[in-house]
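The values are calculated or read from the model by the stated rules, or taken from the named source; none is laboratory data. Predicted, not measured: the structure shown is a model, and the values here were computed from it. We work out accessible area using only protein heavy atoms, side chains counted, and drop any ligands, DNA or RNA first. Shrake-Rupley method; radii C 1.70, N 1.55, O 1.52, S 1.80 Å.
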Amino acid sequence: MRKIFKLLTSKFFLVAILLLLELAIVPATLIWLSMQFPTVGTYVSAAFLIIDIVLVLYVINSEMNAEYKIAWIVPILLIPPIGACLYLIFRRKKNPRRKLKKHLMHDLPEIVKMYERQTDADVRFLQIGAFAQQCAELVRKESAMPATDCYEYKYFSSGEEYGAQLEKELAAAKKYIFLEYFIISEGKFWDRVHKILLEKVAKGVDVRIIYDDIGSLLGIPHNFAARMEKEGIRCLCFNRFRPVLDVAQNNRTHRKIAVIDGVTAFTGGINIADEYTNEIELHGHWKDTGVMVRGRAAQNFTAMFLQLWELKNADDNRTEKGYDKFLSPCDEGKYACLPFADSPFQGGKNICEALYLKIIYNAKKYVYINTPYLILDDEMKRALITAARSGVDVRITIPRIPDKKYVYAVTKAFYTQLVKEGIRIYRYTPGFIHAKSIVSDGNVCIIGSSNMDFRSFYLHCECNIMFFDEEVADDLYEDYLHVCAESELMTESGTKDTLFRKIYRSVLRFFAPLM
């Protein structure tokens with residue numbers, strides 16, 4: 001009852017109601033016109049018929065993903081003129097605010113210049129082989145992030161391990177702490193982190209936080225950023241949730257980044273909230289993973305954070321110079337890696353999806369994937385099926401207890417077909433698996449914040465790190481086998497369901513790109 005009251009009195013509920021009212025204005029106005037002025041209504045209907053035809057032709061010839069095309073064409077044709085109005089609202093020309101974001105994500109000379117020089121990491125990638133070199137070139141061209149390395153890494157198979165190490169590293173900070181998380185939620189985990197941050201601010205450490213407004217909406221008060229600023233912690237609330245019908249509301253920072261002194265960095269699937277460290281139970285046992293790196297790889301994460309931080313400087317009408325002070329010199333490392341960022345401001349380049357596809361098509365023995373959501377486009381589905389038909393052991397683990405039932409229904413619609421194609425789907429029996437990773441053939445892996453769904457690949461700001469190292473890949477491999485041992489292997493007979501549920505999932509799957 002307490003949770004329901006909190007939801008009904010929250011900013012999220014108020015904004016959602018206002019958005020629904022905005023959506024209702026269009027059909028209500030059209031119905032009123034047709035009732036009051038039948039002739040005018042006829043002309044309006046005819047005009048929208050022409051608009052529908054034009055929009056469908058435009059969508060067909062656009063460069064958007066094929067699944068997005070279908071998801072938009074059907075409502076445009078089936079529910080005129082509402083479908084056309086929604087498309088015009090949500091797919092309209094980008095406004096200056098988003099142009100500003102795109103500009104800031106690409107044109108920071110003081111950050112980008114650090115990537116223009118040739119490094120010994122480039123030589124190492126040449127030595128590893130053509131596949132690693134191709135991946136490095138892709139990341140460099142699409143995001144300006146360089147091939148790099150780290151001299152130490154630590155893989156975390158649980159949020160508890162991640163949280164304990166993060167707190168230890170924060171307590172050791174000397175110069176600065178950068179935190180960027182999709183979710184910050186008040187509780188035991190945040191209380192411990194917050195206490196450390198206040199201690200560091202008192203000692204002159206530069207502490208900065210970026211959090212996502214929608215991701216953190218129900219976990220912290222609406223004035224959280226202002227409270228942090230009063231305490232000396234500089235804070236940016238990313239893309240505030242407003243009662244305005246705008247496709248930009250879909251663009252969230254889903255990243256999980258912690259950088260300490262430019263030498264140590266964390267990423268993975270773990271947010272700063274108690275469910276991630278299993279201090280509270282929401283959906284059974286919460287299985288998550290993360291990684292810590294020390295060395296030059298941390299500089300890539302520093303750059304990711306500072307690129308988004310420019311939005312804070314723009315809001316405050318200030319210009320920050322001397323970014324090189326955040327790029328601490330680091331020793332050469334033994335672990336070759338590619339920390340990279342994805343964002344909707346990169347012109348649909350989808351780096352993480354591209355690297356996943358490269359790994360799958362390059363696989364000779366196995367491809368093992370962790371993801372809480374499985375909502376695939378045709379290209380990814382084709383790659384997985386092709387690998388399985390080629391004799392590659394393809395496995396995907398998903399939750400048994402979902403956090404969002406409608407998303408889980410879509411996930412089931414997708415994995416039902418994959419099971420028939422020989423792909424092994426495991427449901428994590430103890431509860432919810434939130435880990436996001438892929439490992440293949442004992443020598444390459446990716447771990448980070450990206451789910452295998454449309455939102456991560458197309459709409460969110462994400463961060464990941466790709467390793468080309470047997471030691472790191474073995475850690476993910478061993479943990480994955482442990483997860484499989486605790487999971488239920490789905491069979492064709494186990495995927496059968498009632499006709500109603502099949503229809504329900506089919507409809508949800510159809511609109512999956514718009515969720």
### Message
Rounded to whole Å, give me the distance from the Cα center of the stretch 221-297 to that of the stretch 157-198.
### Response
10 Å
## Note on the structure
When every protein chain stays in place and a 1.4 Å probe is rolled, 477, 335 sorted by accessible area with the largest first are 477, 335
### Summary
For residue 390, the accessible surface traced by a 1.4 Å probe with all protein chains present amounts, in square angstrom to the nearest 10, to 90 Å²
#### Entry: Cα gyration tensor category, rounded, prolate or oblate, for the stretch 248-348 with a/c compared to 1.5
oblate
#### Entry: Rounded to whole Hz, the Karplus (6.51, -1.76, 1.60) HN-Hα couplings of the stretch 265-273, x for glycine and proline
9, 10, 7, x, x, 8, 9, 8, 7
### Query
Sorted by accessible area (1.4 Å probe), largest first, how do 279, 478 line up?
478, 279
### Query
Quick one: with all protein chains in place, what share of the accessible area of the stretch 380-463 is carbon or sulfur, to the nearest percent (1.4 Å probe)?
46 percent
### Task
Provide the per-residue ³J(HN,Hα) series for the stretch 134-146, in order, calculated from phi with Karplus coefficients 6.51, -1.76, 1.60 and θ = phi - 60°, each as a whole number of Hz, with x at glycine and proline positions.
5, 4, 4, 5, 4, 5, 5, 5, 8, 9, 6, 7, x
#### Entry: With DNA, RNA and ligands ignored, accessible area of residue 429 (1.4 Å probe; Å², nearest 10)
60 Å²
### Query
Tell me, what is the 1.4 Å probe accessible area of residue 472, in Å² to the nearest 10?
0 Å²
### Query
What ³J(HN,Hα) values, in whole Hz, does the Karplus curve 6.51 cos²θ - 1.76 cosθ + 1.60 give for the stretch 208-214 when θ = phi - 60°, with x put for Gly and Pro?
9, 10, 10, 9, 8, 5, 5
### Query
Residues of the stretch 177-216: accessible area per residue at 1.4 Å, in Å²?
34 Å²
### Query
Counting only residues 5 or more places away or on other chains, whose amide H sits under 5 Å from the amide H of residue 149 once H atoms are built in the peptide plane?
296, 297, 337
### Sequence of 306, 459, 218 from largest to smallest accessible area, 1.4 Å probe
218, 459, 306
### Query
Counting only residues 5 or more places away or on other chains, whose amide H sits under 5 Å from the amide H of residue 451 once H atoms are built in the peptide plane?
456
